[in-house]
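Rule-based calculations on the coordinates, nothing more; no lab input. Only a predicted model underlies this, so the values are computations on that prediction, with no experimental measurement involved. Using ideal geometry, Cβ is built from the backbone for each residue, glycine included, and neighbour counts are taken over all protein chains shown.
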Amino acid sequence: MHPDLRPIDPNAALTHGWKPLASLAALSKETLCQISAEEMSTALQHLPLCFARSDDGQYRFVVMLGLSSDENLALDPNGRWRLSYMPTQYRFYPFSASYTATEMTLSFDHASGLYTETPDSLPKAGRFFTDEGQPSPILTQVIEALRENGLALKQTALAVEALQRAGLLEAWALEEVCGDLVANPMQNLYRINQQALKELNADTLYELHQSGALALAYAQVYSMLRINSLKTLLEAKRALAKKAAAKNKGNASVDQLLGRKDDTLKFNF
């Protein structure tokens, strides 16, 4: 399942809203999440950080949530978050925001199954807007938080550009650390070239320090040890799946032993 993000239209969605969040299953294939420098010190304590190159050639500072291209290891089989750290963008799910140089667009993930056109008739559901067309108190908090995060992401993007200009980003093949642990490791990932970092002249180092880019570089380098955390999560997930499969096989064997083929009652007339 992939997110289905659609902008919230104040006119069309005046009386619409959302139901309480019960699962993050819609994010099960999200393996990278863009973060800002403001949360990198917390993120690197739990997960590896890197840079992801998008189709438009831009580099984003991201936290890795998996090793393969379609498996979010931070979620359990029921769609619950498994880690004590959660990226800022996910804390406001199913809301999301996209940014231009001057504007922010607030969207809602319809793949979550939480969008409703009749929130007033549902318990614990919330409305996007008041009857007067103003954002509801909760939506106002979401908008302000995502706006602040957008500003932080913008500053971080400038720092990433500085690292790129300094020639510090190099392609990172996950096969180097994963081996054959996953069949389809993520692609288009980049890391800091540590040798190039050591060889920077004093002026460039000072400029990177002043822009905050140097802290970003060191955070990425230090976080690479957290690849082992993802390996542990993957191994635990596979062990759980193997255990569940064995249990189901055992139940099937009991049914065969007792002569139970199915639970449907059938009558002949």
Discussion item. Quick one: 3J(HN,Hα) in Hz for segment 83-92, Karplus 6.51/-1.76/1.60 with θ = phi - 60°, rounded, Gly and Pro as x.
Written reply: 9, 6, 9, 10, x, 3, 4, 7, 5, 10
Response to the item:
Here the relative contact order (percent) of the chain, from C-alpha pairs under 8 Å and at least 6 apart, is 26 percent
Worksheet item: Counting GluC sites (Glu not before Pro) as exposed when in a DSSP loop with at most 12 other beta carbons within 10 Å, what is the longest stretch of the chain free of them?
Response: 1-102
Item to complete: For every helix of n ≥ 4 consecutive DSSP H residues, a contribution of -39,500 (n - 2.57) applies; sum these over the chain, divide by its total residues, and give [θ] at 222 nm rounded to the nearest 500 deg cm²/dmol.
Response: -11500 deg cm²/dmol
Worksheet entry | Answer label for Cα Rg over 2.2 N^0.38 Å (calculated), chosen among (i) 1.31; (ii) 1.25; (iii) 1.45 | (ii)
Discussion item. Show me the helices of the chain, taken as full DSSP H stretches, that run 18 Å or more along their long axis by Cα and average -0.5 or above in Kyte-Doolittle hydropathy.
Written reply: 137-165, 227-257
Response to the item:
With R₀ set to 22 angstrom, the calculated FRET efficiency between the beta-carbons of Thr116 and Glu144, to the nearest 0.05, is 0.40
Fill in: Rg/Rh ratio calculated on Cα atoms of segment 111-238 (Kirkwood radius)
1.15
Worksheet item: Do you know the Lys pair count in the chain for C-alpha distances under 25 Å, with sequence separation 8 or more or different chains?
Response: 15
Item to complete: Check each of the chymotrypsin sites (Phe, Trp or Tyr not before Pro) in segment 93-127 and keep only those in coil by DSSP with at most 12 other C-beta atoms within 10 angstrom; list them in order.
Response: none
Fill in: FRET efficiency estimate (nearest 0.05) - Cβ-Cβ, Ala246 to Ala152, R0 45 angstrom
0.45
Practice prompt. Mind checking segment 84-163 for trypsin sites (Lys or Arg not before Pro) that DSSP puts in a loop (not H, G, I, E or B) and that have at most 16 other Cβ atoms within 10 Å?
Written response: Lys124
Worksheet, complete the sentence: Residues whose modelled amide H sits under 5 Å from the amide H of Leu32, counting only those 5 or more places away in sequence or on another chain, are Leu65
Worksheet entry | Total formal charge among the other residues, if their Cβ is under 9 angstrom from that of Phe51, Lys/Arg +1 and Asp/Glu -1 | +3
Item to complete: Find the centroid of the Cα atoms in segment 102-130 and in segment 1-80, then give the distance between the two in whole Å.
Response: 18 Å
